[in-house]
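Here is the structure we will look at, set down as C-alpha cells.
The values are calculated or read from the model by the stated rules, or taken from the named source; none is laboratory data. Values in this document were obtained by computation on a predicted structure and should not be read as measured data. For neighbour counting, all protein chains shown are included, and Cβ atoms are generated from backbone atoms with ideal geometry for every residue, glycine included.
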Amino acid sequence: MLKVAIVSLLGYEKIRKAVEKLEIEVINSNPDFVITYGGDGTILYSERIYPSIPKITFKGSGLCVRCHYDVNDVERVIENVIKGNYYIATEIKLEAIARGQKLKALNEIQIHNKVPTRAIRFSVFINSKEFKDLVGDGVIISTPFGSTGYYMSVGGKPFRKGIGIAFNNLHMKKIRSFTVPLKTKIKVTVNRGNGLLIADNTDELIELTTGDEVLIMKSNEKAKFVRIFE
C-alpha cells in the first residue's frame, strides 16, 4: 500500500478524503511521498521535515509559484502516481556552515544584519573574485528554485543553472546579481557588526558576530518533485 504524508497549514480534509478513497495510507513517518497543500512556504517547510522525499505540490495560496497542481485535481494526480505515470524532477539545495553548525536550504541562504537599523560590514570571496568591506543588509545566495523569491526581490534575476549571488541594500555601492558554477564554494566573513545566518523561512538561525566566517556550497541532498506525464 502506498503511504503518504500531508503537509499543510490550511485545512486538508479534502485531500485526506481523496487519498483515503484511493486506499492510500496517510502517515507521519517514512512516507513514500509527501503531499503539500498551501504556498511556497509550505513546500520549504515540507522539505525541512521530509528531506529528499518526493513532493506532490497542490496550490492552496495565490502566492505559490512552485505549486504544480490544483487541489481539485487531487484524485487524478494521485491515480497517475499509483499507475506509475510520473517522473521525478530534482532541485539542488545549499548548505551553509558557521560556528560549527550547519543549515540547509532549498531556496536561499542569507547573511543578514541582525538589527534592522544597523548595517553589517562584510566581505565575500568567490574563487578569484573578492568583494571586500561591503556595508549593507547582507547577501543572498540562491538556488535556481529560489531565484524567483527573496533573491529576485532584492534585484536578482531568475536563473536556471548555477548558484546566484545578490547583495542586499548595499551602502554607496551597486553590484549586480550574478551566478557562479555549482561546484563553487562561497566564503562570507563578518568584518564588523552582528548578523544572522538564515536558511529559507526557518526559525532556526545562527547568530554571527565580528570575525565569523560562513562557508556556503551545494549540498549533497536534492529536493525531489513529482511530475505527471500529461
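Things worth noting here:
- Filter result for the condition that a residue is surrounded by 15 or more Cβ atoms within 10 Å (Cβ to Cβ) and among the small types (Gly, Ala, Ser), over Gly211, Gly164: Gly164
- Within segment 177-199, being in contact (Cβ under 8 Å) with a residue 24 or more places away in the chain, within 19 Å of Ala96 (Cα to Cα) and assigned to a strand (DSSP E or B) holds for Val180, Ile186, Lys187, Val188, Thr189, Val190, Asn191, Gly195, Leu196, Leu197, Ile198, Ala199.
- Filter pass, Lys174 being without any contact (Cβ under 8 Å) to a residue 12 or more places away in the chain and either within 21 Å of Ile120 (Cα to Cα) or surrounded by 15 or more Cβ atoms within 10 Å (Cβ to Cβ) (or both): yes
- Number of the exception - Ile27 against (1) farther than 22 Å from Tyr87 by Cα; (2) crowded, with 19+ Cβ neighbours inside 10 Å: (2)
- Pairs where the first residue, in segment 131-151, is assigned to a strand (DSSP E or B) and the second is surrounded by fewer than 18 Cβ atoms within 10 Å (Cβ to Cβ) and of a type in the set (Gly, Ala, Ser), C-beta under 6 Å, 6+ apart: Lys132/Ser123
- Enumeration of residues in segment 99-139 that are touching a helix residue (DSSP H, G or I) at 6+ places or on another chain (Cβ under 9 Å) and under 18 Å from Glu207 (Cα atoms): Lys104, Ala105, Glu108, Gln110
- Segment 32-64 - residue that is of a type in the set (Gly, Ala, Ser) and farther than 16 Å from Gly11 by Cβ and, of those, modelled with the lowest pLDDT: Gly62
- Segments classed as helices (runs of 4 or more DSSP H), wholly inside segment 1-98, with at least 3 members that are over 23 Å from Asp200 (Cβ atoms) and without any contact (Cβ under 8 Å) to a residue 12 or more places away in the chain: 13-21
- Applying the criterion of being within 13 Å of the chain's Cα centre (by Cα) and assigned to a strand (DSSP E or B) to the residues of segment 101-114, the residue that is surrounded by the fewest Cβ atoms within 10 Å (Cβ to Cβ) is Lys104.
Condition check ((1) surrounded by 12 or more Cβ atoms within 10 Å (Cβ to Cβ); (2) not assigned by TED's automatic domain parsing to the domain that holds Met172) across all residues:
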position	(1), (2)
Asn80	yes, yes
Arg99	yes, no
Pro116	no, no
Ile126	yes, no
Gly149	yes, no
